[in-house]
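Enquirer: Take this structure, written in structure tokens, and hold onto it; I'll ask about it next.
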Amino acid sequence: MNKLIVTLIAFLCLVNANAQTNNADVFIFPITNYITAANDSITVVQVEMPNSTFVLEEKQMGLVKHNFSNNKTDTANIGWGRCQLIKGNYYYFGIRLYNKSIKPVASDLLYTKFNYPAKYKGRLYNLVKKAVYFERVTEGKFYDFETPLSLTETNEQSIIDSLVADIKFTGKAMKAQMDEQTIKGGIFDGKQLFETMQVITADNVKDFIDYVIVRPSKYAGHTWKISKLLQPGWLVKHQG
């Protein structure tokens, strides 16, 4: 019960923190591999901004959770604290642990308020907020942390169209090299996987992005190949 109360207080402080303007949203930042114990109940963690265009404020609140991709099916809170030090693009948070035996590790997630100067806050802005990135089957991200600075509804649609094209390309290549797989479950139940990938639409991709934004715990803090969109264990299990 005490842990629940402390967690609630930390979350309310995070949401209502006055270190930034009222336009600030809660963003997720992966923790770097710089992690050091200040004492047995406080651990210092580091997060990095891509460049000096973006800044966090000293003393602002942060909440740390497990990253699902760290083989942690439990994405519960690890602890909370404030930004104690700023060195260039690196920010150091002193995190008070809820359980002294459960400590943060690299790529766990820090949640904190951030005033991102985006004029258009569409799907990609919200993916960046959740630290979710998609890359091409041939490597290379479709967007990065700075992309929402210049996004409009029109050029966001162009990026989504590129996601669709990558899925279609991958489906065609895989069909030529591998045996077909039958999709089980979801809106494509019973259809052939690689054939379906070749007729995927922008609306299908938008539906998946919307799902990730609403339920980001399995995806946050990681870069995924968008061509896995229709593979078993992804969208097919979450739609229908």
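Enquirer: Quick one: how many residues across region 139-161 are without any contact (Cβ under 8 Å) to a residue 24 or more places away in the chain and in a helix (DSSP H, G or I)? Step through it out loud before you land on a result.
Expert: First, pick out the residues of region 139-161 that are without any contact (Cβ under 8 Å) to a residue 24 or more places away in the chain: 139-140, 143, 147, 150, 154-155, 158.
From what is left, the residues that are in a helix (DSSP H, G or I) are 147, 150, 154-155, 158.
Looking only at that region, the number is 5.
Enquirer: Residues of region 129-138 being in contact (Cβ under 8 Å) with a residue 60 or more places away in the chain and β-branched (Val, Ile, Thr), which ones?
Expert: Step one: filter region 129-138 for residues in contact (Cβ under 8 Å) with a residue 60 or more places away in the chain, giving 129-137.
Answer for region 129-138, where residues must be in contact (Cβ under 8 Å) with a residue 60 or more places away in the chain and β-branched (Val, Ile, Thr): VAL132, VAL137.
Enquirer: For region 82-101, indicate whether the set of residues that are within 18 Å of the chain's Cα centre (by Cα) and either modelled with pLDDT of 95 or more or of a type in the set (Val, Ile, Thr) (or both) is non-empty.
Expert: no
Here's the yes/no breakdown for (1) crowded, with 16+ Cβ neighbours inside 10 Å; (2) in a strand (DSSP E or B):
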residue	(1), (2)
ILE78	yes, yes
ARG82	yes, yes
PHE93	yes, yes
ASN99	no, no
TYR111	yes, yes
ALA118	yes, no
TYR125	yes, no
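Yes/no matrix, rows are residues, columns are (1) surrounded by 15 or more Cβ atoms within 10 Å (Cβ to Cβ); (2) under 17 Å from the mean Cα position of the chain (by Cα); (3) on the phi > 0 side of the Ramachandran plot:
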site: LYS129; (1), (2), (3): yes, yes, no
site: PHE145; (1), (2), (3): yes, yes, no
site: SER150; (1), (2), (3): no, no, no
site: GLU156; (1), (2), (3): yes, no, no
site: GLU180; (1), (2), (3): no, no, no
site: LYS184; (1), (2), (3): no, no, no
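Enquirer: Another question, then. Among the listed residues LYS175, LYS206, which satisfies the condition of being free of Cβ contacts under 8 Å to residues at least 40 places away in the same chain and surrounded by 15 or more Cβ atoms within 10 Å (Cβ to Cβ)? Explain how you work it out, then say what you get.
Expert: On the way: LYS206 fails: free of Cβ contacts under 8 Å to residues at least 40 places away in the same chain.
Being free of Cβ contacts under 8 Å to residues at least 40 places away in the same chain and surrounded by 15 or more Cβ atoms within 10 Å (Cβ to Cβ) holds for just one of LYS175, LYS206, which is LYS175.
The values are calculated or read from the model by the stated rules, or taken from the named source; none is laboratory data. Because the structure is a prediction, the values reported are computed rather than measured. Don't worry about glycine lacking a Cβ; one is built from the backbone with ideal geometry, like all the others, and counts go over all protein chains shown.
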